[in-house]
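Student: Structure incoming, see below.
Here, each number is a calculation from the coordinates, and none is a lab measurement. No experiment lies behind these values; they were computed from the predicted model shown. Cβ coordinates were reconstructed from backbone atoms using ideal geometry, including for glycine residues, and neighbour counts include every protein chain displayed.
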Amino acid sequence: MAIDVQRQTGSLRGARLRISAAFWRRPWLKLLALIVPPVAAFVIVYAASLATMLASSFWSTDAFTAEIVHTWSLDQFRTIFNRDNAYLGIALRTVWMASAVTVTDAILAFPLAYFMARLAGPRLRSLLFVLILLPLWSSYLVRIYSWTTILSKTGPLNWVLNGLGLPDTHLAYTDWAMWIVFSYVWLPFMILPIYTAVERVPTSYLEASADLGARGARTFRSVVLPLVFPGIVAGSIFTFSLTLGDYITPLLVGGPGSILIGNVVFENSASNLAFAAAFAMVPVGVMAVYLTIARRLGAFEAL
Amino acid sequence: METRGTRIALAVCTTLVVVFLWIPLVIIALYAFNESQIQSWPITNWTLHWFSVAWHDPQVRSALWLSIRVGLFATVVALVLGSMAAFGVHRFRFFGRESISLLFLLPIALPGIITGMALNSAFSFAGVHLTMWTIIIGHATFCVVVVYNNVVARLRRTSPSLLEASMDLGADGWQTFRFVTWPLLSTALVAGGLLAFALSFDEVIVTTFTAGGTTLPIYILNNLRQGQQLPIVNVIAFTVILLTVVPVWVSQRLASGGEGPAVSRAAAVTAQTE
């Protein structure tokens, strides 16, 4: 019995050795075994889905059955770009909101990132990392929801303002609320790339600038900013792209007219899939342009 | 370099921004203990009552259970696919190697509605009904990248001579994996897995496009839209914060090196282009 077990484990080990040797002799076999399943899964599920969406945007939807009709046309895009419809305006407003949020986040993130990279000691720096990363990872929906309570008529903001002797604000359910909440939820995405960029600025450059007689403002404008700018652009990719595709924030904190691209896509996804797919191509197109510009500005090296 | 005034100004700005980041989390945590049905500030009476109400609510329970199942399955898929790809990309040089990282990154870098809408059109085209499995597929596509990044980062820090030494000492491929590679990687896998779970547990946008069922975030969203059961939503919100923050905290520790960006979504990109 004991011998039997030994022989069995022996042959098992033999088989294992043979397999391991086969992989060793033919590394490409190992490569295929490792790479093909994940890539195939991704191509089948994700790349094919993107392709289907692109194709759907050239199809149309039967108005009665809500079934998709596979006839090729540019009808969906005609609807979007027709000046009589609101869609172009919605797209422009979304791009405008995304730009405003990006600029706000860059302004808020820069001092913090600079402080972390150049002034904070190692312990304070890792504490700040945790303080920035935990909000980034904690529930995005909950963070948006929290702002609806903060901004509400009887919420903490008005309570503080009244305490200071100031009148109520009526920010809840407006575009301003959307702007605040977007800037809030995406802020950490801007902080981290700027931090990385500031950290890479050699101290000797700043010393050289000071030696040559530049004051703080001049050093900032002529040395720090040009070197950190690609980092800001890198962060802006996230803030811009995430705002462009969000529909939860307008839904929860926006007003009646605060519709962005995402809302239109979501509202139509069940009833008019072809149109929803076509309108979803708008952020894809905008992002393609944005990424091209970002690449020119050196953002990819700064990521 | 920086003058004293600049330093102080920067420190003040930093403090203000950190406070700005944390106030909403603190507020929602406090509201979870609010006795009143009406959300108004300041909170006058405190209670744990809503925790028990939420816990015994059948809808909340089924949503929580669905979220947990989806999170676990998506994490397993992400762990398997992500670490396979990481091994392949780390060990070999081949055509298209760079584009693989980019491919995995796309679902998280592109806006959620694009991933959601794409999957939605594909499911509709293929005639697939939306079930729990379609949510899992959706979540797995954007979870792969966090596992992949964690494993690649760990492999980069691992010396290849350890594997050679193991082979020289007569270990076969399996033994080398079991006794050398696995102990080196296990914490990176746990870290990646926890992050993937946190990501899935919290996801709304892709879920709304692929959902056959109500996950916890969808339950929150539906109730928020109708302004219903807000005390229960507060409790769930508080719990969800804890349930996403704790795994991130742990994985931050596990990913080691202490340098925070290992777990940041933004740094998911950072790791790619090095």
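Student: By the gyration tensor of its Cα atoms, with a ≥ b ≥ c the square roots of the eigenvalues, what is the shape of segment B:4-128: rounded for a/c under 1.5, prolate for a/b over b/c, or oblate? Provide the component values of the computation, followed by the final result.
Tutor: Numbers: a/c = 2.63, a/b = 1.34, b/c = 1.96.
Cα axes put segment B:4-128 in the oblate bin.
Student: Additional query: Can you pull the one-decimal nm distance between simple spin-label points at residue B:128 and residue A:79, each 7 Å off the Cα toward Cβ?
Tutor: 2.5
Student: Pick out the long, greasy-scoring helices in chain B: whole DSSP H runs spanning 20 Å or more along their own axis by Cα, mean Kyte-Doolittle at least 1.6.
Tutor: B:4-31, B:230-255
Student: Under the classification rounded if a/c is under 1.5, otherwise prolate if a/b is larger than b/c and oblate if not, where does chain A fall, given a ≥ b ≥ c as square roots of the Cα gyration tensor eigenvalues?
Tutor: Since a/c reaches 1.5 but b/c is at least a/b, the shape of chain A is classed as oblate.
Student: Moving to a separate point now. Please say if segment A:159-303 is rounded, prolate or oblate, where rounded means a/c under 1.5 for a ≥ b ≥ c the square roots of the C-alpha gyration tensor eigenvalues, and otherwise the choice is prolate for a/b larger than b/c and oblate otherwise?
Tutor: Details: a/c = 3.88, a/b = 1.46, b/c = 2.65.
Oblate is the answer for segment A:159-303, as a/c is 1.5 or above yet b/c matches or exceeds a/b.
Student: Can you list the DSSP H helices in chain A whose Cα atoms extend at least 18 Å along the helix axis and whose mean Kyte-Doolittle hydropathy is -1.0 or higher?
Tutor: Both cut-offs are met by A:2-25, A:27-42, A:87-114, A:122-137, A:175-200, A:225-244, A:273-296.
Student: Per DSSP H run of at least 4 residues, take -39500 (n - 2.57); add these up for the protein assembly as shown, divide by its residues and hand me the 222 nm value, nearest 500 deg cm²/dmol.
Tutor: Calculated mean residue ellipticity at 222 nm is -24500 deg cm²/dmol.
Student: Now, a different point. Could you work out the mean count of beta carbons from other protein chains within 10 Å of each residue's beta carbon in B:96-106?
Tutor: If you average over the peptide's residues, the count of other-chain Cβ atoms is 2.
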